[in-house]
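J.: I'd like to ask you about the structure that follows.
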Amino acid sequence: MNETGKIAVVLLSGGLDSMVTAALAREQGYRLHALTIDYGQRHVRELESAKAIAGKLGVERHVLLPLDLRQFGASALTDDIDVPKGGVGDDIPVTYVPARNLLFLALTTAFAESSGSSDIFIGVNALDYSGYPDCRPEFIASFAETVRLGTRQGVEGHPFTIHAPLQHMTKADIARECQRLGLDPAWSWSCYDPTPDGQACGLCDSCRLRLKGFAEAGVEDTTRYAAKPG
């Protein structure tokens, strides 16, 4: 690998997309710093995956930052609301966490600026996803302009680059990248509603999209599922 010596700061949730994104940054020769947000999500299991991925990929500095969004609620991931299991619909689902990526990218930018990095990696995807507005290319482009205007680094002529390498990939594309990069899918965690014995539910939107992607790619998902869509 051609080490550039440059640091990339990765928003590492512990999910499949963030794992593949971090591995792509490493493949490009970046040294990795990673930020994981403990926002009170019901699928706290993904925090364990983030720690494991950071170790596997040789992350030099991994910050696990508490931010209790349960105080706001209004999402099935942070409130006493059932996670939908009926299939992926066309509307923005109740698993949407208000302004989550806006908040998380702002914090990742602060971490990057304090790390002397101009490169921020995020695993957002605008094709096979649940319709969240903060995953769209328009949002990423707008955010890049906001931080150019609102940070010392930006106004001094050293703007941040927001890398979203999975932006236009399907879940099948991402599954294939996972395999190509030599990653074990089971290192990551996608399920919104894990079972008491620690298995992925298999029926929430996130599980359905992940299972569909691996099936279409013809790649084995080594994650344990309690059920699979019929």
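J.: Could you list all residues from segment 78-114 that are modelled with pLDDT of 95 or more, of a type in the set (D, E) and surrounded by fewer than 14 Cβ atoms within 10 Å (Cβ to Cβ)?
T.: The answer is D80, D82.
J.: Evaluate the following for C178: is it assigned to a loop (DSSP other than H, G, I, E, B) and either within 20 Å of the chain's Cα centre (by Cα) or surrounded by 18 or more Cβ atoms within 10 Å (Cβ to Cβ) (or both)? Can you show your working first?
T.: Values: assigned to a loop (DSSP other than H, G, I, E, B): no; either within 20 Å of the chain's Cα centre (by Cα) or surrounded by 18 or more Cβ atoms within 10 Å (Cβ to Cβ) (or both): yes.
No.
J.: Could you figure out which of (1) surrounded by fewer than 21 Cβ atoms within 10 Å (Cβ to Cβ); (2) in a helix (DSSP H, G or I); (3) in contact with a Cys (Cβ under 7 Å, 6 or more places away or on another chain); (4) not hydroxyl-bearing (S, T, Y) isn't true of P194?
T.: Unmet for P194, out of (1) surrounded by fewer than 21 Cβ atoms within 10 Å (Cβ to Cβ); (2) in a helix (DSSP H, G or I); (3) in contact with a Cys (Cβ under 7 Å, 6 or more places away or on another chain); (4) not hydroxyl-bearing (S, T, Y): (2).
J.: Something else now. Looking at this structure, is A110 closer than 20 Å to A23 by Cβ, in a helix (DSSP H, G or I), within 19 Å of the chain's Cα centre (by Cα) and not hydroxyl-bearing (S, T, Y)? Walk me through how you get there before you give the answer.
T.: On the way: closer than 20 Å to A23 by Cβ: no; in a helix (DSSP H, G or I): yes; within 19 Å of the chain's Cα centre (by Cα): yes; not hydroxyl-bearing (S, T, Y): yes.
Considered against the rule, which asks whether it is closer than 20 Å to A23 by Cβ, in a helix (DSSP H, G or I), within 19 Å of the chain's Cα centre (by Cα) and not hydroxyl-bearing (S, T, Y), A110 comes out as no.
Yes/no matrix, rows are residues, columns are (1) farther than 20 Å from S188 by Cα; (2) hydrophobic (A, V, I, L, M, F, W, C):
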{"position": "Q41", "(1), (2)": "no, no"}
{"position": "E48", "(1), (2)": "no, no"}
{"position": "H62", "(1), (2)": "no, no"}
{"position": "L69", "(1), (2)": "yes, yes"}
{"position": "L77", "(1), (2)": "no, yes"}
{"position": "K85", "(1), (2)": "yes, no"}
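J.: What residue, of S75, S130, S117, is crowded, with 18+ Cβ neighbours inside 10 Å and modelled with pLDDT under 95? Give the derivation first.
T.: Numbers: S75 fails: modelled with pLDDT under 95; S117 fails: modelled with pLDDT under 95.
When all the criteria are applied, what remains is S130.
J.: Has segment 33-48 got any residue that is surrounded by fewer than 21 Cβ atoms within 10 Å (Cβ to Cβ), aliphatic (A, V, I, L, M) and in contact (Cβ under 8 Å) with a residue 40 or more places away in the chain?
T.: Among the residues of segment 33-48, not one is surrounded by fewer than 21 Cβ atoms within 10 Å (Cβ to Cβ), aliphatic (A, V, I, L, M) and in contact (Cβ under 8 Å) with a residue 40 or more places away in the chain, which makes the answer no.
J.: Inside segment 13-49, can you point out the residues that are of a type in the set (S, T, N, Q) and assigned to a strand (DSSP E or B)? So that I can check it myself, show each step before the final result.
T.: First pass over segment 13-49, keeping only residues of a type in the set (S, T, N, Q): 13, 18, 21, 28, 36, 41, 49.
If the condition is that a residue be of a type in the set (S, T, N, Q) and assigned to a strand (DSSP E or B), then T36 is the only one that fits.
J.: Taking segment 137-160 as the search range and keeping residues that are crowded, with 17+ Cβ neighbours inside 10 Å and either of a type in the set (G, A, S) or closer than 17 Å to L11 by Cβ (or both), which one is nearest to the chain's Cα centre (by Cα)?
T.: First, pick out the residues of segment 137-160 that are crowded, with 17+ Cβ neighbours inside 10 Å: 139-140, 143-144, 147, 151, 153-154, 160.
Going one step further and asking which of them are either of a type in the set (G, A, S) or closer than 17 Å to L11 by Cβ (or both), we end up with 139-140, 143-144, 147, 151, 154, 160.
Values: F139: 15, I140: 14, F143: 17, A144: 18, V147: 20, T151: 24, G154: 24, F160: 19 Å.
Going through the qualifying residues, I end up with I140.
The values are calculated or read from the model by the stated rules, or taken from the named source; none is laboratory data. Remember, predicted model here, so these are calculated numbers, not experimental data. Ideal geometry is used to build each Cβ from the backbone, glycine not excepted, and the neighbour counts take in all protein chains shown.
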